[in-house]
Amino acid sequence: MTRDVRQATVDDVWAVHETARESWHAAYDEILGPETVDDIVDDWYAIGDIESSITDAIGREDVAFLVAEPATTTEPGELERECCGFAHVVPWPENPAVGYLARLYVSPPAWREGTGTALLEALTARLDDSFDRVRLAVLTDNDIGISFAESTGFEHVETRATGLADGLEEYVYEKPI
């Protein structure tokens, strides 16, 4: 299913926050526990921080914050959403030729429907003059994230410790733009 992807606006802040919460719980509850997931989402996706990230991306060529809009029709009883996924790219601190896909999350009902791919393609088209490749990190226990990275052409380049919890590791993937 093709999704419309557009630049995020400050009006999307709450929808981005809720999409982050929903997708983090689906992907990480069994790995980190629901309380830790809530703490991370409340910290990393605080309303003011999301608003700042979106505002920072507007008008910059080396930063992007995009949202995927849901299909216009909803099933009976389904909550109508303002966004079903989002992605945020910033320059990699150690190498400005690399874009860091800091956030790419899709609402679980839209998993495996092309929403993440649509976001990635829109980011690539928008940032191809700013970066020569894009990098992302995925927890080694996040099967849905690993599947997405590998199915969209990312190559595993590194495994490293993550600061989320003791003993957790993440895979680092890269893809040329």
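Only the coordinates and a few stated rules stand behind these numbers; no lab work does. The model shown is predicted, which means the values in this text are computed figures rather than measured ones. Note that each Cβ is placed from the backbone with ideal geometry, even for glycine, and that neighbours are counted across all protein chains shown.
From its DSSP helices (H runs of at least four residues, each -39,500 (n - 2.57)), the chain gives a residue-normalised ellipticity at 222 nm of -11500 deg cm²/dmol.
Length available on full extension from ARG160 to GLU94: 0.36 nm per residue minus the Cα-Cα distance, which gives 22.2 nm.
Say R0 is 30 Å: what FRET efficiency, to the nearest 0.05, do VAL172 and ASP11 get from their beta-carbon distance?
On the way: r = 33 Å, r/R0 = 1.11.
Once rounded, the FRET efficiency stands at 0.35.
Take the Cα of GLU121, step 7 Å toward its Cβ, do the same at ILE144, and the gap between the two points is 2.1 nm.
Model label points for HIS25 and GLU82, set 7 angstrom from Cα along the Cα-to-Cβ axis, are 1.9 nm apart.
GNM remark for the chain: springs join alpha carbons under 10 Å apart, and the peak mean-square fluctuation among ARG160, ARG60, ARG126 falls on ARG60.
If you take every residue apart from ALA161 with its C-beta less than 15 Å away from the C-beta of ALA161, what net charge results, scoring Lys and Arg +1 and Asp and Glu -1?
Working: positive: ARG160; negative: ASP141, GLU158, ASP166, GLU169, GLU170.
In short, -4.
Model label points for ILE58 and ALA46, set 7 angstrom from Cα along the Cα-to-Cβ axis, are 2.1 nm apart.
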